[in-house]
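Heads up, the thing below is written out as structure tokens.
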Amino acid sequence: MSNSIGKDTAQKVVAIREQWHTKNHPFFLDFAVGKFGLGPVAAMMAQHYQHVRRVLPVQGIAYFRAAEGEARRFILENLAEEEGLVAGPGDGREPHDHMEMIFRFCAFAGLSEARVKATRQLTTWRARSYFYMATVRDEPFGVVVAMQSTQEGQQPALNGERMLPAFKRHHGLEMDHPAIEFFAEHYVADADHSGRQIDLVASSSNPRPRRSARSKWRRRRSGRAGTASPRSIAAPCSAKPIRCRPVSRRETAAGAA
């Protein structure tokens, strides 16, 4: 169940996504007006393949960290769609292995499957992959789905406004052409995915209860010397009587010397 903080967080995530939307990147703007052909797009998709093959396995960690119910169901469904085990949302759709769709487009554009698999991942793409994996591993689940929504949530507009119109206008490829099925599939499927991810952001962003200073002290100490509180440690000490014996003149003189 979402709350005002969760809804506000979800709106901010969408605003960030729109502010830095890749549909406005010069690469996609130039492709949309026909400044270059399919070759550079195939090279980009080879990088995307290298990215996906690295980040897809960490969905298992996302599933482990997700709450029971809708969050885990979404992770499983998304993973099953990527592997071509189930069809995406919508009537009359069929399951497709998303990696195979990448190979199919690249082959149409002149880049073989072997060359796609042998492509060296560029530094910036590798940084993106490692950032993705580190976020899934280290951050709260609400942050994980927020990150995922900023990426998958760009696909509908990117493909609907830039890629698919350019394929038709400059290359004669209709939306149902097998070579560009990857772009058509993500135009449709990721609208559903990103919407569900934003809902999970809203429901996962809950205010944390404030902890007292004593509980913080207990938490810090528990990692070093057990769970005893300051009061429980001080109690046995204060119960012991303090006995002082008289100091002799000889000891006093020795101390003064």
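The values are calculated or read from the model by the stated rules, or taken from the named source; none is laboratory data. Predicted model, so just to flag it, every value in this text is computed and none were measured. Methodologically, a virtual Cβ is constructed for each residue, glycine included, from the backbone with ideal geometry; neighbour enumeration extends over all protein chains shown.
Values for this structure:
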{"read-out": "Filter result for the condition that a residue is modelled with pLDDT of 95 or more, out of contact with any strand residue (DSSP E or B) (no Cβ under 9 Å at 6 or more places or on another chain) and either under 26 Å from Ala118 (Cα atoms) or among the β-branched types (Val, Ile, Thr) (or both), over Gly34, Gly39", "value": "Gly39"}
{"read-out": "Residues satisfying the stated conditions in segment 151-175, i.e. surrounded by 19 or more Cβ atoms within 10 Å (Cβ to Cβ) and within 13 Å of the chain's Cα centre (by Cα)", "value": "Glu152, Gly153"}
{"read-out": "First in segment 173-197 and under 18 Å from Gly37 (Cα atoms), second anywhere and modelled with pLDDT under 95 and assigned to a helix (DSSP H, G or I), Cβ under 6 Å, 6 or more apart", "value": "Met175/Ala184; Phe183/Asn159"}
{"read-out": "Given (1) within 14 Å of Arg54 (Cα to Cα); (2) surrounded by 15 or more Cβ atoms within 10 Å (Cβ to Cβ), index of the condition Ala127 fails", "value": "(2)"}
{"read-out": "Only listed residue being farther than 20 Å from Arg128 by Cα and either among the charged types (D, E, K, R) or assigned to a helix (DSSP H, G or I) (or both), chosen from Ala15, Ala87", "value": "Ala15"}
{"read-out": "Total residues in segment 56-84, condition surrounded by fewer than 15 Cβ atoms within 10 Å (Cβ to Cβ) and part of a loop (DSSP other than H, G, I, E, B)", "value": "4"}
